[in-house]
Every structure is written in C-alpha cells, then in structure tokens.
Amino acid sequence: TPRTTIANGRVCIIGGGSNTATFQLLGGTHTFANNLTIATNGSLMGAATIDGTVTVSPGGRIIPGSPIGRMDVLGSVILQGAVNLQIDKSGGIRISDEVTADGAIFYGGTLNVTDIGTDVLAAGDRFFLFTATPYVGAFTTLNLPSLPPGLSWRNNLSVDGSIEVTTAVVSTPGFANITRTGTNVVFTGTNGTPNANFGLLTATNVELPLSNWVVVLTNRFDALGRFQITNPVTPADRQRYFRLLTP
C-alpha cells in the first residue's frame, strides 16, 4: 500500500499468530499514531517512510528494498527479531539496503546481509546499513557475506551503522599464563581462530625437530579464540617444553 494512517489508540501489530503476515510498503508515508510492532511470523517489507516507532519482536522480520531500498522511520527502531539486508557492488558502484531512524536504533536479534553484486568485494568497500542518533546495543548474531582469502569484515554498526571490508589481521595463538595447581600445570591462552582445532605438543629437548615432539592432546579454541589446558606434572622430568600446533 502507498499510504497508511492508523490512529485508533492502539499499537498496530503485524503477525503474532501461527500463520505468516506481511505488510508490504510501496513508497509513500505510513503513519502509526501509536507505533508499529512486527510480531512473530510477521514481516515488514519494502521502501517507504514510517511515521512512528517500529519494534521488530523476536520471530519478526524487517526486509527493506526491492531489491535495494531504504526504509525511513520518523521515530525509533527497536530490533529484536531478524533484519535482512542486501549489499550490491556492481560496476564499481556500491549500494545497499538501509534503515534510518530520526531517533535511536536499538540493535538486537539477528542481522542477515546478502551480497547480490557482480563485483568481487575488496578492502575499503563500505556499506552503510543503518542511520540513527544514537546506536544502542548490539546484534546477537551477525551473518555477513563470505569474503576472499585475506579479507575480513569490520563491524562499525555502533559507530556509523556501516560494515567495511578490511585486510584480515592474522593473529598468532599463544600461551597467556602457565600455573601449577597441585600435581597439574594449567595453560591458558588466546588469539586462536575461534572454534578451530589445535594440538599441544611436548618435548624434553627444545632443539628437537617438530616431527619428534609428542602430541599431548588435541582441543578446540572457544568462540573467542581462547583455550585452557590442564596437564599432569611428571616428577621425573627435569625440564619439559610445550608448544601449540595449529592447522
């Protein structure tokens, strides 16, 4: 619909039932005197201006553009469900879906970003997805497009509402602390690849070739690239060395 005016003293709710419900915006200005809520199984789609605060509840979705477009909200935006946005770099031109708010945007829920462009993304490519004053909170889950080797995404959403392709920073996992607890030695460390596998190697002679070091155990870095390992002390060893092995 190109124009909507609802002023009946109640919040306008899209969804909330077991069946799907979609409010399709086709331009124009849509006024909700008591605000708009996208509930479970509800979707707000298209590009237009919305006069009123928009709340996307858990289980709801907001999908600007067709395929690329902007949704302008003359109020605040509260995101608790899913936001599905598209970015496009084609012929060297970068565009993207965008959600703007005269008030604050409260991040939460899931942000899904899909790349529909024909050009390969490169370092320096930046896409502005949100515009607001201020940006509050953070998304629980970010699903961003895959990138060529050596590149990574920089999350600027809390600064200026953008995501940016940057050169990946290669971190080297290592030991942060080594302590003895009873008959065990406890290793903690960081800078690993989140959720990646690694091995703990040991030897009594640090000059041995790596192939002669013994694998004590294999483990997995946690979601932040950290690890903790407990290894028993062998009293007969005058000295023992340890190192990490990653794929």
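Assorted remarks:
- Rg/Rh (Cα only; Kirkwood hydrodynamic radius) as it applies to segment 1-79: 0.93
- Cβ-defined net charge surrounding Gly117, 12 Å radius [Lys, Arg +1; Asp, Glu -1]: -2
- Counting only DSSP beta bridges whose two residues both lie in the chain, roughly 45 percent are antiparallel.
- Values of log10 I(q)/I(0) for segment 94-192 across q = 0.21 Å⁻¹ run -1.09, by the Debye formula with one identical scatterer at each alpha carbon and no solvent.
- Paired Rg and Dmax values of segment 82-131, which use every Cα atom, in angstrom: 12.1, 35
- Set against the 2.2 N^0.38 Å expectation for a compact globular protein, segment 120-243 has a Cα radius of gyration ratio of 1.50.
- Think of a 1.4 Å ball rolled over the protein heavy atoms: segment 64-141 then has 42 Å² of accessible area per residue.
- Kirkwood Rh and Cα Rg combined as Rg over Rh, evaluated for segment 150-213: 1.17
- Overall size of segment 29-74 from C-alpha positions, given as principal axis extents largest first: 24, 24, 10 Å.
- Surface share of carbon and sulfur [accessible, 1.4 angstrom probe, percent] for the chain: 52
- Here the chain is assigned +1 on the Cβ of each Lys and Arg and -1 on the Cβ of each Asp and Glu. Its dipole about the Cα centre then comes out at about 660 debye.
- Euclidean distance between Cα centres, segment 213-247 to segment 4-28, Å: 57
- Averaging over all projection directions, the Cα-based convex hull of segment 47-99 occupies 3.7 nm² in the image plane.
- At an R0 of 41 angstrom, the distance between the Cβ atoms of Val206 and Arg70 translates into a FRET efficiency of 0.10.
- For the chain, the relative contact order is 10 percent, taking Cα pairs closer than 8 Å that sit 6 or more residues apart in sequence and dividing their mean separation by the residue count.
- The alpha-carbon atoms of segment 195-247, seen along their principal axes, cover 36, 24, 12 angstrom, with the largest extent given first.
- Chain lengthening between Ile93 and Thr181 when straightened (0.36 nm per residue, less Cα-Cα): 25.8 nm
- Rounded D (µm²/s) - segment 15-136, Kirkwood Rh over Cα pairs, Stokes-Einstein at 10 °C, 1.306 mPa s: 109
- GNM result for the chain, Cα springs below 10 Å: residue of Asn231, Asn19, Asn156 fluctuating most strongly: Asn231
- GNM top mover of Ile93, Ile78, Ile62 - the chain, alpha-carbon springs below 10 Å: Ile93
- Dipole of the chain, positive direction: furthest Cα of Ala48, Thr202, Ser96, with charges on the beta-carbon: Thr202
- Length added when fully stretched, Asn231-Leu26, from 0.36 nm per residue minus Cα-Cα: 67.5 nm
- Calculated diffusion of the chain, Stokes-Einstein form, Kirkwood radius summed over Cα pairs, 10 °C and 1.306 mPa s, µm²/s: 74
- The modelled label-to-label distance between Asp160 and Thr140, using points 7 Å beyond Cα along the C-beta direction, is 3.0 nm.
The values are calculated or read from the model by the stated rules, or taken from the named source; none is laboratory data. Treat the numbers as computed from the prediction; the structure is a model and nothing was measured. Cβ atoms come from the backbone with ideal geometry, glycine included; neighbour counts cover every protein chain shown. Note: areas computed on protein heavy atoms with side chains; ligands, DNA, RNA excluded. Shrake-Rupley method; radii C 1.70, N 1.55, O 1.52, S 1.80 Å.
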